[in-house]
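Contents: one structure, followed by commentary.
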Amino acid sequence: MYISPREVISLKVSELTGLTFDFSCGQMYHHGKPVESKDIRIVLLEFIDFISKKKKPILFGHKIAAFDIPILMNKFRQHSLLSEFMLHICGCIDTIKFARRKFKVKDIGNHKQQNLVSKLLGIEYDALNACADVTSLFQLLEHFEYSEKDVFPFNAALVTVSFIPLIRASYIPKLTARRLAQSRLYLKHLQLAFNRDSENGLKSILSEHGFNAKTVTSFTKYFTCTDE
């Protein structure tokens with residue numbers, strides 16, 4: 001789906017994407033051919049409607065955690081639709097993890113999608129064309145193995161941010177914060193567990209998600225100091 005721009009598309013962007021927009025008549029063009037475009041709010045609502053009809057929908061994307069998700073979150077938030085979207089999305093999978101897990105840089109060159117598609121599928125495609133990008137990623141998935149453990153929440157970045165006070169105070173490292181976020185464990189969940197049964201409460205919820213005694217002790221110290 002093409003989104004009608006609210007600002008003039010720069011010449012550089014038009015050269016890269018082939019997209020232009022005539023504001024006098026509200027018409028978008030792709031390499032000179034007219035294409036349908038819609039207001040971004042309508043597109044976001046249609047996207048929500050699309051995933052709401054799926055059973056446990058999961059978004060796949062290459063570098064989706066660092067690139068696509070922050071953009072999507074920002075747009076959903078701008079149009080007061082983030083909460084509605086969160087009601088329907090089950091999680092996300094970043095395919096660059098599979099590439100890094102399976103191939104070393106010295107063997108593959110780099111983990112960019114365009115390079116992987118070229119090396120593994122033997123085809124070239126326009127990486128700036130969204131449809132071609134999605135189609136090639138779908139074909140690329142046949143070369144990777146993944147499971148539910150690779151699924152992380154759509155708002156994992158925000159969840160990770162909630163642990164910044166602990167990271168700055170050296171209670172936990174950044175890696176642990178990311179693991180907690182991917183396990184869908186919010187700081188408020190851990191606080192609630194601590195309030196209910198102190199260290200035993202934390203041990204129960206953290207061990208269930210594969211975290212060791214050291215992490216339990218770190219959070220116990222943090223919440224104890226916070227209470228004081």
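The values are calculated or read from the model by the stated rules, or taken from the named source; none is laboratory data. From a predicted model like this one, the values you see are computed outputs, not experimental measurements. So basically every Cβ, Gly included, is an ideal-geometry build from the backbone, and we count neighbours across all protein chains shown. Side chains included, ligands, DNA and RNA excluded: accessible areas come from the protein's heavy atoms. Shrake-Rupley method; radii C 1.70, N 1.55, O 1.52, S 1.80 Å.
If ligands, DNA and RNA are left out, what is the accessible area of Val134 with a 1.4 Å probe, given in Å² to the nearest 10?
That residue has around 100 Å² of solvent-accessible surface.
May I have the extent of the alpha carbons of the chain along their three principal axes, as whole Å values ordered from largest to smallest?
Per principal axis, max minus min of the Cα coordinates gives 65, 44, 34 Å.
Across region 217-222, in residue order, what do the Karplus-derived ³J(HN,Hα) couplings come to in whole Hz, using 6.51 cos²θ - 1.76 cosθ + 1.60 with θ = phi - 60° and x for Gly and Pro?
Per residue, the Karplus-derived 3J(HN,Hα) values read 4, 4, 6, 4, 5, 5 Hz.
Among the aspartates and glutamates, select those whose C-alpha is under 20 Å from the C-alpha of Lys102, and discard any that sit fewer than 8 residues away in the same chain.
Reachable aspartates and glutamates: Asp94, Glu142, Glu145, Glu148, Asp150.
Contour minus end-to-end for Met1 and Glu148, with contour as 0.36 nm per residue of separation and end-to-end as the Cα-Cα distance?
Once the chain is fully extended between Met1 and Glu148, it gains 50.0 nm.
What ratio of Cα Rg to 2.2 N^0.38 Å holds for region 121-216?
Computed over Cα atoms of region 121-216, the ratio equals 1.49.
What aspartates and glutamates does Lys221 reach when the alpha-carbon gap must be under 12 Å and sequence neighbours fewer than 8 apart in one chain are set aside?
Reachable aspartates and glutamates: Glu199.
Which cross-chain or sequence-distant (5 or more) residues have an amide H under 5 Å from the amide H of Tyr2, H modelled 1.01 Å from N in plane?
Correct list: Lys38.
Straight-line reach from Lys104: which lysines fall under 22 Å, measuring Cα to Cα and dropping same-chain residues less than 8 apart?
Lys63, Lys112, Lys119, Lys149
Any chance you could look up the accessible area of Lys119 with a 1.4 Å probe, heavy atoms only, rounded to 10 Å²?
120
Suppose each label sits 7 Å from its Cα in the direction of the beta carbon; what would the Glu36-Phe23 distance come out to in nanometres?
2.5
With only Lys, Arg, Asp and Glu charged, each at its Cβ (+1 for the first two, -1 for the last two), find how big the charge dipole of the chain is about the Cα centre; round to the nearest 20 debye.
720
When the chain is treated as a GNM, springs tying every alpha-carbon pair under 10 Å, which of Phe103, Phe76, Phe85 comes out with the largest mean-square fluctuation?
Phe103
Using helices alone, I'd like the mean residue ellipticity at 222 nm for the chain: each DSSP H run of four-plus residues gives -39500 (n - 2.57), total over residue count, nearest 500.
Taken over the chain, the calculation gives -15000 deg cm²/dmol.
Quote to one decimal, in nm, the extra length available between Arg100 and Glu84 on full extension: 0.36 nm per residue of separation minus the C-alpha distance between them.
Length difference between fully extended and current span is 2.5 nm.
Looking at Gln191, Met86, Ile123, which one has the Cα that reaches farthest to the positive end of the dipole of the chain (charges on Cβ: Lys, Arg +1; Asp, Glu -1)?
Gln191
Based on DSSP, what percent of beta bridges with both residues in the chain are antiparallel, to the nearest 5?
Around 55 percent antiparallel, to the nearest 5.
Translational diffusion coefficient of region 114-164 at 37 °C, 0.692 mPa s, Stokes-Einstein with Kirkwood Rh over Cα pairs, in µm²/s as a whole number.
Roughly 248 µm²/s, to the nearest whole number.
What are the residues whose amide H is under 5 Å from the amide H of His62, where those residues sit 5 or more places off or on another chain and H is modelled from the backbone?
Distant-sequence amide H within range of His62: Thr95.
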